[in-house]
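Asks: Dumping the structure here so I can ask a few things about it.
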Amino acid sequence: MMDNKPEETVPAQKKLRTMVQEQKSSISSLITSCEEVLSQLGEYQGQLGDWKTHHLKLQDRLYALVEQNKSAMQLLELEDTSVVDMTTQGEEGKTQLQAMLGSLDTGNTLQEVDNTIDTADGCSIKVEDWRQKCQELFPNVKTVHTSVKVQETIREALEMMTTETGATADPVHLGDSASSIMNKVQEITEQIPQKQLTIEDLRRMREPVKRLVEAGRVAAVQEDQDGRRSAKITLQDGKLYLHPLPRQPTPDHTLQESEVVGVLEPSCTLAFLDLGWAGSTRGRVTIRLTPDTPLARQFVLLCTGQRGHTYRNTKLLQVWDKGLPGECVGGGDYESNDGWGGAPLLPHLQGQYRGSGRAGAVRASGGPGGPKSAQFIITTRDRMDDLQWPNVIGEVVSGLNVVKAAVNHSDIKQVTVVDCGVVLPL
C-alpha cells in the first residue's frame, strides 16, 4: 500500500529545524550555566573545608590552652597545700614560743627556769629551722613562672577574640545577587569588622600574634580608589615576610599597609623572589639590596606591589652565556611578560651604583635611564675578564642555587616568579 501521509512543506521543515535548534541551544546554555554553578559550588565547598580545618586547629589550640591552665592550677594547688602546711607549723611554733615567755615569767626556782630555757632553746631551733625552710621553699619558681605565663597567654588570646560571633552578628546585605558564590563570600568577609594589629604587636611577637601569623591570618591592607587590597605577612626561620598586595579575601587580623611601609623607609635591604617551574615552587632567592638607591627602591615597590604592579607571576626571559663565565639570567617584565616591557615606576633613577662581576650580583636591565629598567638580571657565574657589570643594585645572599637550577631548566620561560616580597626590618 502506498503511504498517503502528506509530505511536509519546506517552510514547515525549516520551522521544525529552527525549533529544534532553539531548544538545543537553550539546553546547551542551561548545561553551561549548570556547570558554572557546579564549579562555584566546588570552589565554595573547598573554602568551607578550609574553614572547618581552621576551626579544628583553633579548637586544638583552645584545648591546649585549657590543659595549660589546668596544669598551672594543679601547680598552684600543690603550692597552696605546702603554704598551708608550713603556716600550720609556724603557728604551732609561735604558740610554743609564747608559752615559753609565760613560763619564764612564772618560774620560781632556778631548776624551773633552767628547764624552761632548755625547752625554749629547742623550740627556738625548730622555729628557726621552719623559718629557713620557708625561705628556701617559697616561692616555687616553676609554679609562679608557669602561672604568670599561662595567664598572660590566655589573657592575650581572649583580648584578640572578636566580640561578635556568627550566631549574633548582624545580617550582611549583599548588593548584587547575580554575583558568583565566592564573590559573595568575599563581600561578606570584607563587611565583618576586623581586628586591628600594630607594628608593635609584630615587634613583640607574643605567642598569640605568632600563632596568627603562622596560620596566615595577618595581613597589611591598603585602601585606594579601586577598593581594598591585602598583603599577607608570614613568618619563616624567625623572619617576617611581607608579600605583594593582590585583591584577595582579607584575613580577620590586619595592619594598615601605610604603617608597615613606614618601617621599610627610608631603605629596605632584603627582598625575596620565589621561583617555580613544572607546577611547583622550587625555592626562595633572598637579595640584599644596596640601600638608599632609586633602583633598589623601585625593586622594593615591585616586590610589594605598592604601586599596583608586581614581579609576581612574571617569567624569567633569557639566559646569557649559559655554562660560561659571566652566565646570567633576566626577568621582571611586569608589563607584557615577554621582555618588551618593564618601564620604570619612579621618575628619577639616576644615582651612584657600584659594579660587580661576581656570581649573585643583581642589576637593572639597561641602566637607570632605560625603558626597561624595572627588569632585573641575576649573575650566576663569576666573570673571568676582570670587568664588572654596571648598575648593580644588590646581591643574592641565599638561594643562588635555585637561580642556577632555573638556568639549567630546559625552557627558561617556563620559570616564573611564583611569589615575591620583602623582609620586614622590625
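The values are calculated or read from the model by the stated rules, or taken from the named source; none is laboratory data. Owing to the predicted nature of the structure, the values given are computational and were not obtained by experimental measurement. Here Cβ is always computed from backbone atoms with ideal geometry, including for glycine, and neighbour counts include all displayed protein chains. Quick note on the areas: whole protein, heavy atoms, side chains included, nothing else; ligands and nucleic acids left out. Shrake-Rupley method; radii C 1.70, N 1.55, O 1.52, S 1.80 Å.
Asks: In whole percent, how big is the carbon plus sulfur part of the accessible area of the range 1-90, probe 1.4 Å, protein atoms only? Mind dumping the intermediate values first?
Replies: Details: 4620 of 7840 Å².
Heavy-atom surface of the range 1-90 belonging to carbon and sulfur, 1.4 Å probe: 59 percent.
Asks: Report the one residue of Q375, G276, S71 whose Cα lies farthest in the direction of the positive end of the charge dipole of the chain (charges on C-beta: Lys and Arg +1, Asp and Glu -1; origin at the Cα centre).
Replies: Of the listed residues, the answer is Q375.
Asks: Then there's this: Charges at C-beta only: +1 for Lys and Arg, -1 for Asp and Glu. How large is the resulting dipole of the chain about its Cα centre, in Debye rounded to 20? Don't jump to the answer; show the numbers that get you there.
Replies: Values: 45 positive and 57 negative charges, 512 e Å.
For this selection, approximately 2460 debye.
Asks: Could you list which residues have their amide H under 5 Å from that of L270, counting only those 5 or more apart in sequence or on another chain, with H placed in the peptide plane?
Replies: The list, which skips near neighbours in sequence, is L289, V423.
Asks: Could you pull out the longest piece of the chain with no exposed loop GluC sites (Glu not before Pro) in it, calling a site exposed if DSSP puts it outside H, G, I, E, B and it has at most 15 other Cβ atoms within 10 Å? Could you put the intermediate results ahead of the total?
Replies: Values: sites that count: E7, E8, E164, E335.
No qualifying site falls inside 165-334, the longest such stretch.
Asks: Could you do me a favour and compute the accessible area per residue for the chain, 1.4 Å probe, result in Å²? Walk me through the intermediate numbers first.
Replies: Details: 25800 Å² over 426 residues.
Solvent-accessible surface per residue comes out at 61 Å².
Asks: Further, regarding this structure: Once the Cα atoms of helix 10-106 and of the chain are each reduced to a long axis, what angle between those two axes, in degrees from 0 to 90 to the nearest 10, is obtained?
Replies: Around 10 degrees separate the two axes.
Asks: For S365, what is the net charge nearby, where nearby means another residue's Cβ is under 10 Å from its Cβ and Lys, Arg count +1, Asp, Glu -1? Please report the intermediate quantities before stating the final value.
Replies: Numbers: positive: R363, K372; negative: D333.
Net of charged neighbours comes to +1.
Asks: Let me ask something additional. Tell me, what % of the accessible area of the range 213-361 is carbon and sulfur with a 1.4 angstrom probe? Walk me through the numbers before you get to the answer.
Replies: Details: 3030 of 6490 Å².
Answer for the range 213-361: carbon and sulfur cover 47 percent of the accessible area.
Asks: Here is a further query. Let me know the number of lysine pairs in the range 10-131 closer than 26 Å at the Cα, not counting same-chain pairs under 8 apart. Before the final figure, lay out the partial values.
Replies: Working: K14/K24; K15/K24; K57/K70; K94/K126.
Lysine pairs, 8 or more places apart or on different chains, close enough: 4.
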